[in-house]
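Just below is one structure, and these are the notes that go with it.
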Amino acid sequence: MTDAERKPPLWNSAVILAVLAAICTALVALTYRTTAPRIAANAQAYLEQSLAPVLAGLSYDGKLSESTIIIPPPHELPGNEPVSVYRVFADRKPVAALFVVSAQDGFVGPIKLLIGISASGSITGVRVLEHRETPGLGDLIDSSRSDWILQFSGASLSSPEPSRWAIRRDGGDFDQLTGASITPRAVVKAIRDTLLYFDAHRDAVFATTDSEQADTGQETH
Amino acid sequence: MNTITDSLRSGLWTDNPGLVQLLGLCPLLAVTSTFVNGLGLGIATLAVLVFSNALVSATRRFIRSEIRIPMYVLIISSLVTCIELIFLAWFPALGRSLGIFIPLIVTNCAIVARAEVFASRNTVFASTVDGLTMGAGFALLLCAIGAFREIIGHGSILARLDMLFGGKVLPGLTLLDGGFLLAILPPGAFISLALFVAGKNELDRRRLQRIQDQRRAT
């Protein structure tokens with residue numbers, strides 16, 4: 001055995017690694033191209049499916065994902081992240097706005113909520129999208145675990161009035177959960193704050209973008 | 001044929017990656033709160049293990065000791081990325097339920113351990129069989145712990161199998177009314193695994209005892 005055979009040059013390793021990297025990248029690229037359309041369709045279907053419960057059966061124009069606006073921080077909404085708002089129009093008139101907000105004061109980390117508010121300012125429905133609350137206690141806010149979250153449907157800033165937007169233990173009008181008070185308190189507060197924001201910024205939320213205004217102009221003449 | 005039965009016995013029992021080697025415990029403990037989660041991650045890990053063993057074995061002539069770890073990392077991480085995309089495309093609900101634990105298969109040391117210990121020294125066929133049996137051993141353990149924790153924690157079994165097979169939302173079979181919360185919390189995962197390991201050791205001890213008794217009798 002010669003020295004060259006026993007100890008191949010360093011570039012040999014580099015070439016092997018480069019070839020392997022090329023093969024692996026090709027494999028991932030191929031899988032990505034095959035799956036990308038299905039993954040996009042799944043994401044769209046999941047979005048429509050998860051927004052449906054807070055729409056209370058309202059009919060609307062087009063795709064909800066196309067009328068989304070994002071409200072950047074700082075804003076008076078719960079949490080300090082950008083908030084997505086899915087605006088619902090029927091015959092180009094505002095029907096409802098769906099807010100995705102994070103309640104910051106949950107028991108374990110933020111609670112991501114989907115809050116539907118009709119154009120007249122009453123709740124069309126609320127659902128918990130993500131949370132890490134204690135299983136069996138705080139997780140009863142999830143609609144798959146209990147009906148607690150359904151009590152908000154139909155509520156607004158006039159029924160009950162803002163000072164009564166709290167759980168019963170705190171002198172408010174909303175049911176609490178046995179063994180958990182921090183979690184429901186955080187959810188009630190987040191919904192109230194979102195309603196207050198909507199009340200103050202209703203026109204800005206539904207304001208159409210320039211391209212849509214151009215569209216409307218063409219329709220009405 | 002002998003190698004297959006040997007490999008089967010070693011993967012499922014004597015060298016089970018979870019029960020005996022105690023490898024890949026992070027996903028094992030984190031996702032086994034229900035049977036369907038365990039089954040889903042079990043299948044994903046099994047697939048990665050089979051393909052990574054086959055690929056490492058096929059390229060073992062080019063593997064040089066100084067670059068073997070980067071090569072394993074490349075192969076395993078590409079495979080895991082592919083599996084994740086496949087899950088998101090065809091089993092979106094399960095993909096969402098397992099979340100970060102699919103990408104984290106990369107860090108399952110059972111996979112790099114099989115690449116280093118077995119696949120880099122054996123034929124493609126033997127390595128594929130090894131991947132299958134080791135993966136099956138890991139997947140079965142995930143299913144068993146998942147089922148155990150689901151029965152005790154939720155009082156039901158086989159809930160949400162639709163995430164894997166499609167169709168309507170399946171609530172599963174309800175065995176008990178309510179459940180013992182601890183089982184689905186993280187401590188429940190450790191306690192369940194400990195019970196399984198203890199059970200296996202006890203079975204082994206009894207078998208050994210029986211063999212010794214027989215020897216003494218003759």
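The values are calculated or read from the model by the stated rules, or taken from the named source; none is laboratory data. Nothing here was measured: the structure is a model prediction, and the numbers come from that model. We place every Cβ from the backbone using ideal geometry, glycine too, and count neighbours over all the protein chains shown.
Restricting attention to segment A:92-108, does a residue exist that is within 14 Å of another protein chain (Cβ to nearest Cβ) and touching a Pro at 6+ places or on another chain (Cβ under 6 Å)? Within segment A:92-108, not a single residue is within 14 Å of another protein chain (Cβ to nearest Cβ) and touching a Pro at 6+ places or on another chain (Cβ under 6 Å). Selection of segment A:31-60 for residues being within 27 Å of B:V80 (Cβ to Cβ), surrounded by 15 or more Cβ atoms within 10 Å (Cβ to Cβ) and not β-branched (V, I, T) yields A:R38, A:N42, A:L47. Of all the numbered requirements in (1) closer than 27 Å to B:G178 by Cβ; (2) touching a strand residue (DSSP E or B) at 6+ places or on another chain (Cβ under 6 Å); (3) not β-branched (V, I, T), A:Y60 misses one, and that requirement is (1). Residues of segment B:55-83 that are within 9 Å of chain A (Cβ to nearest Cβ), outside any loop (DSSP other than H, G, I, E, B) and without any contact (Cβ under 8 Å) to a residue 24 or more places away in the chain: B:E66, B:I67, B:P70, B:M71, B:L74, B:S78, B:T81, B:C82.
Does B:V48 fit the bill of being under 19 Å from A:L30 (Cβ atoms), more than 10 Å from chain A (Cβ to nearest Cβ) and either touching a residue at least 60 places away in the same chain (Cβ under 8 Å) or more than 17 Å from the chain's Cα centre (by Cα) (or both)? Walk me through it before giving the result.
Working: under 19 Å from A:L30 (Cβ atoms): yes; more than 10 Å from chain A (Cβ to nearest Cβ): yes; either touching a residue at least 60 places away in the same chain (Cβ under 8 Å) or more than 17 Å from the chain's Cα centre (by Cα) (or both): yes.
Spelling it out, B:V48 is indeed under 19 Å from A:L30 (Cβ atoms), more than 10 Å from chain A (Cβ to nearest Cβ) and either touching a residue at least 60 places away in the same chain (Cβ under 8 Å) or more than 17 Å from the chain's Cα centre (by Cα) (or both).
Under the condition of being under 30 Å from A:L137 (Cα atoms) and assigned to a helix (DSSP H, G or I), the residues counted in segment B:160-218 number 18.
Just checking, does segment B:41-54 include any residue being touching a Cys at 6+ places or on another chain (Cβ under 8 Å) and either part of a helix (DSSP H, G or I) or not hydroxyl-bearing (S, T, Y) (or both)?
Step one: list which residues in segment B:41-54 are touching a Cys at 6+ places or on another chain (Cβ under 8 Å), which gives B:42.
Pick out the ones that are also either part of a helix (DSSP H, G or I) or not hydroxyl-bearing (S, T, Y) (or both) and you get B:42.
Taking every residue of segment B:41-54 in turn, at least one turns out to be touching a Cys at 6+ places or on another chain (Cβ under 8 Å) and either part of a helix (DSSP H, G or I) or not hydroxyl-bearing (S, T, Y) (or both).
With the checklist (1) within 30 Å of A:S156 (Cα to Cα); (2) within 12 Å of chain B (Cβ to nearest Cβ) in hand, flag the one item A:I39 doesn't pass. Result: A:I39 fails condition (1) only. Taking every residue in segment A:1-22 that is over 16 Å from B:R61 (Cα atoms) and pairing it with any residue that is surrounded by 12 or more Cβ atoms within 10 Å (Cβ to Cβ) and modelled with pLDDT of 85 or more, at least 6 positions away or on another chain, the pairs with Cβ-Cβ distances below 7 Å are A:A21/B:L74.
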